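All remarks here apply to the structure that follows.
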Amino acid sequence: MITFSWILLIALIGGILALVDGIRRLSGNSKLIGIIETVVAALFLVSLFLPGIPFGTLALAVATIIVLVIALVVGRRSRGIAIAALVVLVVWVVLVNHWIVIPGIR
């Protein structure tokens, strides 16, 4: 059973933004980065709902963050979506690891 929480909502927003950014990059010049970003973001979203994913959700989030940073450096298309996804995923990683505890979020 899936428990709906603020943490899940933050992860969903970050994953969906990364997926949308990856799909938009497929139509540009950086197709390889778009393919990698789309696959990693899709795996991250699937790992939120299925517990049997070989890599953990946290590892896939970090991989998505790394791909987003590379996409920002290399690509020139849709920087706004990539920055928004990057910020939301970093906030999710910080909250999941309890580096900052906000009452009511967890």
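The values are calculated or read from the model by the stated rules, or taken from the named source; none is laboratory data. Quantities reported herein were computed from a predicted structural model and do not represent experimental measurements. FYI the Cβ positions are ideal-geometry reconstructions off the backbone, even for glycines, and counts take in every protein chain you see. Note: areas computed on protein heavy atoms with side chains; ligands, DNA, RNA excluded. Shrake-Rupley method; radii C 1.70, N 1.55, O 1.52, S 1.80 Å.
If you scan the range 1-20, which residues turn out to be in a helix (DSSP H, G or I) and open to solvent by 30 Å² or more (accessible area, probe 1.4 Å)?
TRP6, LEU9, ILE10, LEU12, ILE13, ILE16, LEU17, LEU19, VAL20 - these are the residues of the range 1-20 that are in a helix (DSSP H, G or I) and open to solvent by 30 Å² or more (accessible area, probe 1.4 Å).
Are there any pairs, at least 6 apart or on different chains, whose C-beta atoms fall under 7 Å, with the first in the range 42-60 and farther than 15 Å from ALA18 by Cα and the second loosely packed, with under 11 Cβ neighbours inside 10 Å, and if so, which?
From residues that are farther than 15 Å from ALA18 by Cα, the pairs are PHE49/ILE2.
Give the residue, chosen from GLY80, GLY75, GLY104, that is out of contact with any Pro (no Cβ under 7 Å at 6 or more places or on another chain), open to solvent by less than 40 Å² (accessible area, probe 1.4 Å) and more than 13 Å from ALA11 (Cα to Cα). Don't jump to the end; show me each part of the working.
Working: GLY80 fails: open to solvent by less than 40 Å² (accessible area, probe 1.4 Å); GLY104 fails: open to solvent by less than 40 Å² (accessible area, probe 1.4 Å).
It is GLY75.
So which residues in the range 21-42 are of a type outside the set (Gly, Ala, Ser), within 26 Å of SER5 (Cα to Cα) and surrounded by fewer than 20 Cβ atoms within 10 Å (Cβ to Cβ), if there are any at all? Give the derivation first.
Going residue by residue through the range 21-42, those that are of a type outside the set (Gly, Ala, Ser) are 21, 23-26, 29, 31-33, 35-40.
Then keep just the ones that are within 26 Å of SER5 (Cα to Cα); that gives 21, 37-40.
Once the filter is applied, which keeps residues that are of a type outside the set (Gly, Ala, Ser), within 26 Å of SER5 (Cα to Cα) and surrounded by fewer than 20 Cβ atoms within 10 Å (Cβ to Cβ), the range 21-42 yields only VAL39.
Among the residues in the range 44-67, are any of a type in the set (S, T, N, Q), part of a helix (DSSP H, G or I), at pLDDT below 95 and open to solvent by 30 Å² or more (accessible area, probe 1.4 Å)? Before the answer, list the steps.
We begin by selecting, within the range 44-67, every residue of a type in the set (S, T, N, Q); these are 47, 57, 64.
When the remaining residues are screened for being part of a helix (DSSP H, G or I), the result is 47, 57, 64.
Filter once more, so that each one left must be at pLDDT below 95: 47, 57.
Then drop every residue that is not open to solvent by 30 Å² or more (accessible area, probe 1.4 Å), which leaves 57.
Yes: one or more hits.
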